[in-house]
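The structure appears below as structure tokens.
Please treat every number below as a calculation from the coordinates, not as lab data. Note that the structure is a prediction, hence the values are computed from the model and not measured. All Cβ positions, glycine included, derive from the backbone under ideal geometry; neighbour counts span all protein chains shown.
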Amino acid sequence: MQFIRECIAQDYFYLTWHAHERMLERQISIAAMKRALVLGEIIEREPNDYPYPFCLVLGWLESGDPLHVKCSFWKGTPPLRIVTVYEPDDQYWESDYKTRKR
């Protein structure tokens, strides 16, 4: 999380087109996404995912609603990529929003 927080604090991240589109659709601001990353916690890690390792961060909106932000790490500049941003669906997540339902 320290790496993510440092990148966000310095505005040193890349917002993918997919993430940008999803944020517009879901009316999630960049400020809300950044807040979730700065105050959030990693709930899933896929260090061997192809083409880039990724993690899923659980953060919270000012309203108290949960927000998931999927980040990937790559060797380019900037090294932090925001892949997608969404409010987790109760149909797929337990009430802690950290655990996927089976």
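So the values come out like this:
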quantity: Enumeration of residues in the stretch 72-102 that are β-branched (Val, Ile, Thr) and part of a loop (DSSP other than H, G, I, E, B); calculated: 77, 99
quantity: First in the stretch 2-25 and under 17 Å from residue 74 (Cα atoms), second anywhere and surrounded by 11 or more Cβ atoms within 10 Å (Cβ to Cβ) and among the polar types (S, T, N, Q), Cβ under 7 Å, 6 or more apart; calculated: 18/84; 19/84
quantity: Residue selected from the stretch 54-97 under the condition of a type in the set (Gly, Ala, Ser) and within 23 Å of residue 14 (Cβ to Cβ), by the criterion surrounded by the fewest Cβ atoms within 10 Å (Cβ to Cβ); calculated: 76
quantity: Odd one out for residue 33, checked against (1) touching a strand residue (DSSP E or B) at 6+ places or on another chain (Cβ under 6 Å); (2) in a loop (DSSP other than H, G, I, E, B); calculated: (2)
quantity: Residue among 4, 28, 42 that is assigned to a loop (DSSP other than H, G, I, E, B) and of a type in the set (A, V, I, L, M); calculated: 28
quantity: Residue list for the stretch 56-69, restricted to those being touching a residue at least 24 places away in the same chain (Cβ under 8 Å) and either among the aliphatic types (A, V, I, L, M) or in a strand (DSSP E or B) (or both); calculated: 57, 58, 59, 60, 61, 66, 67, 68, 69
